[in-house]
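Remarks on the structure that follows.
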Ligand code: CP
Ligand code: NVA
């Protein structure tokens, strides 16, 4: 009997080599420009197993699967009871018998890793408390569209060292970019993740710095990026976080301290009045809606990577 090949999972940005990230961006851009239907997922079903709410991730994955010829199946928080109605390993083994890939949004990153360990099909991270790789890669796609030379560009992340910040730090450092994050005490990037980002930056000729002062982070930056102060699952900490992050709001004035023409990015949903001044989404330098739409194209390229489909495997 032949050995079953190990499925390719995308749980963390670090599941991709820097070369694979570059290829993924090239391919996503090519798919966006071509924008016709593809057949990489023809005859395949993909379950979208979501433990938390979602607009962008759910809709863009659903459409990515359909546009590649596959069948998406959404399973919301009330339907499966991941780890409550049924143990995670059993859910993984059952779904592996029905569908060809899983996109998962859940809480602890370890829940995703446990699912992947017991699944015989590819598992893609649609956000955990630890990482949001498809967001970070989609954001790099947006920057790549705006300026094909990413190496040497600087991203200043203002705020919480959360899932979005972690994946963006890893992705940016993988491409030799300069990633700076300004956070208040106790809300820095987790130490293990900043060590990984630093190691990637050293290897790829970029830079990583964890700072305190937003103005220091944005000085001469090409991108000013922020995310919510209170992520899904942290609602009880909201008041404490509002206090801790009160000096970390991105405003037109802070953006003006970056390079002229620097872009403003946010993964959405946003909380105007907290992490951003009320006008930021509509700011002339804001690219937030381009970011949101690029999730679709990036995720189509992720499916090609996951299934090791030839980059040119979709219909031209
Ligand atoms: N940015 C993002 O992942 O949005 P959703 O939570 O709406 O999917
Ligand atoms: N950090 C946010 C991102 C939402 C897309 C959260 O986890 O809620």
Odd one out for residue 290 among (1) under 23 Å from the mean Cα position of the chain (by Cα); (2) within 23 Å of residue 142 (Cα to Cα); (3) not in a helix (DSSP H, G or I): (3)
Subset of region 133-150 [at pLDDT 95 or above and more than 15 Å from ligand 1 (Cβ to nearest atom)]: 143, 144, 145, 146, 150
From the list 124, 88, which one is away from ligand 2 (no atom under 14 Å from the Cβ), at negative phi and touching a residue at least 40 places away in the same chain (Cβ under 8 Å)? 124
Filter region 244-271 for residues that are surrounded by fewer than 22 Cβ atoms within 10 Å (Cβ to Cβ) and within 16 Å of ligand 1 (Cβ to nearest atom); the one that is farthest from residue 53 (Cα to Cα) is 271
Does residue 188 satisfy the criteria of being surrounded by fewer than 23 Cβ atoms within 10 Å (Cβ to Cβ), closer than 23 Å to residue 232 by Cβ and outside the structural domain of residue 26 (by TED's automatic domain parsing)? yes
Selection from region 10-40 of residues at pLDDT 95 or above and not in a helix (DSSP H, G or I) yields 10, 11, 12, 16, 17
So, in region 276-289, of the ones that are away from ligand 2 (no atom under 15 Å from the Cβ) and in contact with a strand residue (DSSP E or B) (Cβ under 9 Å, 6 or more places away or on another chain), which residue ends up modelled with the lowest pLDDT? 279
Looking at this structure, is residue 72 more than 19 Å from residue 301 (Cα to Cα), free of Cβ contacts under 8 Å to residues at least 60 places away in the same chain and either surrounded by fewer than 24 Cβ atoms within 10 Å (Cβ to Cβ) or in contact with a strand residue (DSSP E or B) (Cβ under 8 Å, 6 or more places away or on another chain) (or both)? no
Could you grab me the full set of residues in region 212-243 that are away from ligand 1 (no atom under 16 Å from the Cβ), surrounded by fewer than 17 Cβ atoms within 10 Å (Cβ to Cβ) and at negative phi? 212, 213, 215, 216, 219, 236, 237, 238, 239, 240, 242, 243
When you scan region 210-228, do you find a residue that is within 16 Å of ligand 2 (Cβ to nearest atom), at pLDDT 95 or above and part of a loop (DSSP other than H, G, I, E, B), even just one? yes
Number of the exception - residue 177 against (1) away from ligand 2 (no atom under 16 Å from the Cβ); (2) buried (at least 22 other Cβ atoms within 10 Å of the Cβ); (3) closer than 26 Å to residue 235 by Cα: (3)
Scanning region 177-195 residue by residue, those touching a residue at least 60 places away in the same chain (Cβ under 8 Å) and within 19 Å of residue 265 (Cβ to Cβ) turn out to be 182, 183
Could you tell me whether any residue of region 108-120 is at pLDDT below 95, within 16 Å of ligand 1 (Cβ to nearest atom) and more than 14 Å from residue 299 (Cα to Cα)? no
Taking the conditions exactly as written (surrounded by fewer than 21 Cβ atoms within 10 Å (Cβ to Cβ), assigned to a loop (DSSP other than H, G, I, E, B) and within 16 Å of ligand 1 (Cβ to nearest atom)), does residue 7 satisfy them or not? no
Between 96, 54, 66, which is surrounded by fewer than 22 Cβ atoms within 10 Å (Cβ to Cβ), in the same structural domain as residue 31 (by TED's automatic domain parsing) and either touching a residue at least 40 places away in the same chain (Cβ under 8 Å) or assigned to a loop (DSSP other than H, G, I, E, B) (or both)? 54
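The values are calculated or read from the model by the stated rules, or taken from the named source; none is laboratory data. Not measured: the values here are computed from a predicted model. Every residue, glycine as well, gets a Cβ built from its backbone with ideal geometry; the counts of neighbours run over all protein chains shown.
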